[in-house]
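Worksheet for the structure shown next.
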Amino acid sequence: MRKHNSSHLEHVFLVLSERQQKQLDLQEVQEPYPVIDENQKRLPLLETEKVFNSQRFLAQLIKYLIWNKRNIPFLMLLLALPAALSFICHAVTTVNPTGLPIAIVSDEQSSCQLPKDYNCTHSGRPLSCTYIDLLRDKTFKIHRHQTFDSAKQSLLRGKTWGILHFAGNYTASVIQRIEEGQATPDGVVDASTVDVWLDMSNQWISNLLKRDLIFLTLEFFQNLLSECGYSPQVAYIPVRFEEAIYGDNIPVFGHYTSAGIICTFTFYLAVLFTVGSIMTEISVGLDRSLVAGMTVLEVVAAHGVIMFMLVGTQSFITMFLTYYVFGYPFHGSVTLIIILLFLIEVMGMAYGFMLSVVFDKEAIATYAGIGTVVMMFMTCGVVWPIEGMSTVLRSIAWAIPVQPTVESFRSILDRNWDITHPNVFAGYISSTIWTIIFCAIAYSVAKQKKICV
């Protein structure tokens with residue numbers, strides 16, 4: 001205590017301890033650092049002498065399987081999507097509009113309650129009532145109006161889709177027109193004609209309504225001629241439509257759109273799953289896996305196996321429900337359809353991988369995928385045929401990724417064409433070329449971003 005000029009022994013102990021620590025620190029600084037051999041390479045955790053190693057691939061595959069096992073709700077949603085899509089498309093596009101309201105204005109004074117006259121004099125029940133009966137049989141809803149102005153107001157207010165007007169001497173004029181033939185005066189011809197006004201704002205409903213009215217009028221006159229002792233074939237138009245070579249004489253819109261919907265959504269589901277999986281892989285540590293020795297090929301291959309299992313199941317559900325449960329016509333080769341769907345899935349996976357590499361955020365990649373799929377949906381012939389597009393768009397439609405596969409799918413399905421036909425062959429070639437292009441872009445961008453070596 002006297003030596004260190006201190007009145008406390010604890011203070012002396014503190015001073016001695018600090019002096020000892022300074023001496024130890026000085027010895028560490030003076031000791032030389034170990035020499036490192038720069039030629040000696042540090043071995044990675046995984047062997048990287050091969051581009052593809054089965055053990056690394058299996059490890060990555062098991063990791064994906066475990067990830068999907070932990071996300072059962074997400075898997076159930078992905079498997080429920082094609083079932084819901086098939087059901088909605090079938091319910092929406094396979095039934096023609098029924099129960100359309102029609103306004104009727106008849107100036108004939110006779111009551112429709114009178115018994116029908118079968119001797120072709122029609123002195124009792126007017127023919128306009130027979131025409132209206134046929135309208136009811138075709139599921140039209142009849143709205144009777146006393147005046148044309150009242151019927152027009154109902155059409156302007158959107159309560160009806162059309163107006164049918166019968167002249168006061170409609171029955172007599174029709175009988176006179178049948179009996180006199182070419183000698184029928186123009187006034188009688190006008191009086192025997194049903195005047196129709198339609199709401200043409202909806203193209204599908206108005207065209208179907210016009211078609212049904214034309215067929216109904218032909219049926220009406222055929223029945224009338226038969227009752228009057230004439231050949232009903234006189235009422236036929238001078239064109240005979242024979243049995244259709246492909247498809248049905250009365251096509252169903254849902255049968256036409258099924259090919260485009262299946263191809264487009266097969267591509268989209270592959271893009272959606274790939275973007276989600278790759279972006280998740282990048283966010284949780286793809287760099288660590290690559291540094292440890294994994295290769296991009298092994299990551300993509302493991303993802304491809306899971307993707308083919310999932311999207312293949314989705315395609316099977318869609319095809320089973322559409323063509324087996326709902327009974328859509330299927331006339332082509334099942335093998336060609338399966339191969340084509342497989343190529344579409346590969347193309348979708350390649351496009352999804354390209355989006356995942358090009359964009360840094362999952363939201364942006366997802367938006368890009370949705371936007372391009374909507375564009376493909378509009379241009380691949382689902383909503384409107386290619387022949388009805390503008391000349392410029394029609395000239396480049398063949399270069400749109402999904403469009404040739406839709407035509408190929410439809411040609412196999414409805415026309416039973418084989419792989420040697422150009423329309424079928426083009427779909428396989430187009431999907432293969434676009435897959436190569438997407439993979440090349442993805443690899444080039446990955447090299448620039450140093451994602452792969």
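The values are calculated or read from the model by the stated rules, or taken from the named source; none is laboratory data. Bear in mind the structure is a predicted one, so any value in this text is a computation, not a measurement. Note that each Cβ is placed from the backbone with ideal geometry, even for glycine, and that neighbours are counted across all protein chains shown. Just so you know, the surface numbers come from the protein's heavy atoms only, side chains and all, with ligands and any DNA or RNA stripped out. Shrake-Rupley method; radii C 1.70, N 1.55, O 1.52, S 1.80 Å.
Over the chain, what number does the Rg to Rh ratio reach, with both radii from the alpha-carbon atoms and Rh per Kirkwood? Write out the running numbers ahead of the final one.
On the way: Rg = 38.3 Å, Rh = 29.0 Å.
We get a ratio of 1.32 for the chain.
Can you give the FRET efficiency for ASP186 and LYS210, using 1/(1 + (r/R0)^6), R0 = 30 Å, r = Cβ-Cβ distance, to the nearest 0.05?
Working: r = 24 Å, r/R0 = 0.81.
After rounding, the FRET efficiency stands at 0.75.
Run the paramagnetic zone check for VAL305: 7 angstrom along Cα to Cβ, then residues of segment 247-283 with backbone nitrogen under 17 Å.
278
If you take the beta carbon distance between SER54 and SER154 as r and set R0 to 51 Å, what does 1/(1 + (r/R0)^6) give as a FRET efficiency, to the nearest 0.05?
Working: r = 74 Å, r/R0 = 1.46.
It comes out at approximately 0.10.
Could you give the DSSP H helices of the chain that reach 27 angstrom or more along their long axis (alpha carbon positions) and whose average Kyte-Doolittle hydropathy is no lower than -1.0?
Values: long enough: 9-30 (32 Å, -0.43); 72-93 (32 Å, 2.06); 203-227 (36 Å, 0.32); 253-292 (54 Å, 1.14); 296-320 (35 Å, 1.68); 334-358 (36 Å, 2.39); 422-448 (39 Å, 0.96).
Correct list, ordered by number: 9-30, 72-93, 203-227, 253-292, 296-320, 334-358, 422-448.
Looking only at the chain, where both bridge partners belong to it, what percent of the DSSP beta bridges are antiparallel (to the nearest 5)? Intermediate values should be presented prior to the final figure.
Working: 4 of 13 bridges.
For the chain, the DSSP antiparallel bridge percentage is about 30.
How much of the accessible area of the chain, probe 1.4 Å, is carbon plus sulfur, in whole percent? Provide the component values of the computation, followed by the final result.
Working: 16970 of 27290 Å².
Whole-percent figure for carbon plus sulfur exposure: 62.
Send over a whole-number figure in Å² for the accessible area per residue of segment 107-235, probe 1.4 Å.
Values: 7470 Å² over 129 residues.
That works out to 58 Å² for each residue.
Compute the distance from the alpha-carbon center of segment 385-453 to that of segment 238-274, in whole Å.
18 Å
With +1 on the Cβ of every Lys and Arg and -1 on the Cβ of every Asp and Glu, and nothing else charged, how large is the dipole of segment 107-235 about its Cα centre, in debye rounded to the nearest 20?
On the way: 12 positive and 15 negative charges, 127 e Å.
The calculated dipole for segment 107-235 is roughly 600 debye.
How large is the dipole of the chain about the Cα centre if only Lys and Arg carry +1 and Asp and Glu carry -1, each at its Cβ, rounded to the nearest 20 debye? All intermediate terms of the calculation are to be shown ahead of the outcome.
Working: 32 positive and 37 negative charges, 323 e Å.
Computed charge dipole of the chain: roughly 1560 debye.
With r defined as the distance between the Cβ atoms of LEU218 and MET378 and R0 fixed at 30 Å, what FRET efficiency is calculated, to the nearest 0.05?
Numbers: r = 37 Å, r/R0 = 1.22.
With a Förster radius of 30 Å, E is 0.25.
So if I take the centroid of the Cα atoms in segment 311-352 and the same for segment 125-202, what is the distance between those two points in Å?
48 Å
Return the calculated 222 nm mean residue ellipticity for the chain, to the nearest 500 deg cm²/dmol, obtained by summing -39500 (n - 2.57) across DSSP H runs with n ≥ 4 and dividing by the residue count. Numbers along the way, then the final one.
On the way: 15 runs with 276 residues, N = 453.
Counting only the DSSP helices, I get -20500 deg cm²/dmol.
Using protein chains only and a probe of 1.4 angstrom, how many square angstrom of TRP204 are accessible, to the nearest 10?
Near enough 130 Å² of accessible area.
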